[in-house]
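A.B. asks: I am attaching a structure below and will ask some questions about it afterwards.
The values are calculated or read from the model by the stated rules, or taken from the named source; none is laboratory data. Note that the structure is predicted; figures quoted are calculated from it, not measured. Positions of Cβ are backbone-derived with ideal geometry, glycine not excepted, and every protein chain shown enters the neighbour counts.
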Amino acid sequence: MDKIITYSPAYTLVPTYECFNRCTYCNFRVDPGQDGWLSLEGARSKLQQLQSQNVIEILILSGEVHPQSSRRSAWFQRIYDLCELALEMGFLPHTNAGPLSYKEMARMRNVNVSMGLMVEQLAPELLKTVHAHAPSKNPSMRLQQLEFAGQLRIPFTTGLLLGLGEKKADWTVSLDAIAQSHTKHGHIQEVILQPHQPGTRQAQKRPPCYGSYLADAIKTAKERLPDDITLQIPPNLIRSEAALINCLNLGATDLGGIGPIDEANPDYSHRPHAQMVKLLKTHAMTVQPRLPVYEQYDGWLPDHLQTAVTTWRQKLAN
């Protein structure tokens with residue numbers, strides 16, 4: 001029997017690319033005030049085109065407006081309204097907008113079937129290098145998000161960014177912290193292991209993270225994380241087919257959200273779907289679509305979100 005490899009048919013809406021953090025490896029951000037926000041009318045136009053394209057997940061991926069900014073409330077409301085619009089138009093929203101307050105997360109829970117935030121790395125020395133000008137990458141703040149999500153019973157995705165200059169021993173610290181949070185709350189549905197790849201808009205070029213490094217991270221994650229957490233890898237950031245297959249053989253079983261553009265890594269396109277299916281089939285693996293919320297978490301959702309999820313589960317079953 002073939003091994004099942006899942007992915008989420010997704011499209012990314014970006015409320016704004018502006019971000020007060022300045023991570024040296026980022027290919028996404030622009031300076032605050034240098035980017036117009038996505039309007040609801042513009043989003044509706046995009047979503048209307050997707051309604052006949054088997055897209056399930058709308059990933060709301062946003063740059064961060066400073067928590068003390070006078071525009072923070074308007075920024076948050078725009079994200080909330082985009083999620084609400086996506087739901088109204090038949091999609092399932094998943095938001096990743098940087099650290100949110102407990103109150104913000106509690107509100108966002110009403111319009112998202114799942115949410116996410118990368119831990120990236122908990123190594124404090126990175127605050128002196130790649131995160132020296134990125135206040136919201138403070139390790140304690142990232143862990144606080146896991147705690148908030150657990151307390152609020154939000155199905156959550158987190159993960160590690162590999163190749164920032166961390167030591168392999170740092171992976172264990174980050175993975176153990178994720179495992180501890182999940183043991184307490186049971187809310188981590190997947191952990192992404194994302195290899196850094198250099199892009200054209202980085203402030204500081206870093207070398208690429210190759211498959212062997214990622215393979216070691218997968219082995220470590222399998223050792224440190226509970227078995228009910230799915231390991232996800234982004235296939236567009238693994239250029240070698242052999243390395244991709246090796247990662248899946250080592251225990252990664254999910255390819256994440258796949259859409260026309262990886263907004264965080266715009267220099268790296270996904271392989272055509274038919275090519276991916278054929279490649280995996282050659283290695284006794286079958287590709288299957290999934291929802292952005294795993295079935296064991298359906299009961300955590302508010303009633304109106306459970307209804308939307310049930311509709312999609314029935315579509316996939318037919």
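A.B. asks: Among the listed residues SER69, SER73, which satisfies the condition of being among the hydroxyl-bearing types (Ser, Thr, Tyr) and not in a loop (DSSP other than H, G, I, E, B)?
C.D. replies: SER73
A.B. asks: Same structure again: Among the listed residues GLU84, GLU147, GLU88, identify the single one that is surrounded by fewer than 21 Cβ atoms within 10 Å (Cβ to Cβ), within 18 Å of LEU61 (Cα to Cα) and at pLDDT 95 or above.
C.D. replies: On the way: GLU147 fails: within 18 Å of LEU61 (Cα to Cα); GLU88 fails: within 18 Å of LEU61 (Cα to Cα).
Exactly one of GLU84, GLU147, GLU88 is surrounded by fewer than 21 Cβ atoms within 10 Å (Cβ to Cβ), within 18 Å of LEU61 (Cα to Cα) and at pLDDT 95 or above, namely GLU84.
A.B. asks: Follow-up question, since we're still on this one. As an exercise: evaluate ILE60 against (1) closer than 20 Å to LYS137 by Cα; (2) not in a strand (DSSP E or B) and give the number of the one condition it does not meet.
C.D. replies: (2)
A.B. asks: Quickly run through region 242-267 and pick out the residues that are crowded, with 19+ Cβ neighbours inside 10 Å, over 17 Å from THR157 (Cβ atoms) and of a type outside the set (A, V, I, L, M).
C.D. replies: Matches in region 242-267: CYS247 only.
A.B. asks: Then there's this: When region 185-241 is examined, which residues are found to be among the polar types (S, T, N, Q) and over 30 Å from LEU152 (Cβ atoms)?
C.D. replies: GLN197, THR200, GLN202, GLN204, SER212, ASN236, SER240
A.B. asks: Quick one: in region 38-64, which of the residues that are out of contact with any Asp or Glu (no Cβ under 7 Å at 6 or more places or on another chain) and closer than 22 Å to PRO135 by Cα is surrounded by the fewest Cβ atoms within 10 Å (Cβ to Cβ)?
C.D. replies: Restricting to residues being out of contact with any Asp or Glu (no Cβ under 7 Å at 6 or more places or on another chain) and closer than 22 Å to PRO135 by Cα, the top hit is GLU64.
A.B. asks: For region 79-109, give me the residue count where each residue is touching a helix residue (DSSP H, G or I) at 6+ places or on another chain (Cβ under 8 Å), in a helix (DSSP H, G or I) and over 19 Å from PHE28 (Cα atoms).
C.D. replies: Number satisfying all stated conditions: 13.
A.B. asks: Is region 156-168 home to any residue that is under 24 Å from HIS304 (Cα atoms), more than 16 Å from the chain's Cα centre (by Cα), of a type outside the set (Asp, Glu) and assigned to a loop (DSSP other than H, G, I, E, B)?
C.D. replies: no
A.B. asks: Please tell me if ASP262 is touching a Phe, Trp or Tyr at 6+ places or on another chain (Cβ under 9 Å), within 18 Å of LEU316 (Cβ to Cβ) and not aliphatic (A, V, I, L, M).
C.D. replies: In short, no.
A.B. asks: Residues of region 54-84 being touching a Phe, Trp or Tyr at 6+ places or on another chain (Cβ under 9 Å) and among the aliphatic types (A, V, I, L, M), which ones?
C.D. replies: If the condition is that a residue be touching a Phe, Trp or Tyr at 6+ places or on another chain (Cβ under 9 Å) and among the aliphatic types (A, V, I, L, M), then VAL55, ILE56, ILE58, LEU59, LEU61, VAL65, ALA74 are the ones that fit.
A.B. asks: On to the next question. Here is a list: ALA217, ALA203, ALA179. Which entry is surrounded by 21 or more Cβ atoms within 10 Å (Cβ to Cβ) and under 27 Å from ILE258 (Cα atoms)?
C.D. replies: ALA217 is the lone residue from the list that is surrounded by 21 or more Cβ atoms within 10 Å (Cβ to Cβ) and under 27 Å from ILE258 (Cα atoms).
One line per residue, one yes/no per condition, for (1) of a type in the set (D, E, K, R); (2) modelled with pLDDT of 95 or more; (3) within 28 Å of VAL277 (Cβ to Cβ); (4) in a loop (DSSP other than H, G, I, E, B):
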site	(1), (2), (3), (4)
ASN21	no, yes, no, yes
THR24	no, yes, no, yes
GLY33	no, no, no, yes
LEU38	no, yes, no, yes
GLN48	no, yes, yes, no
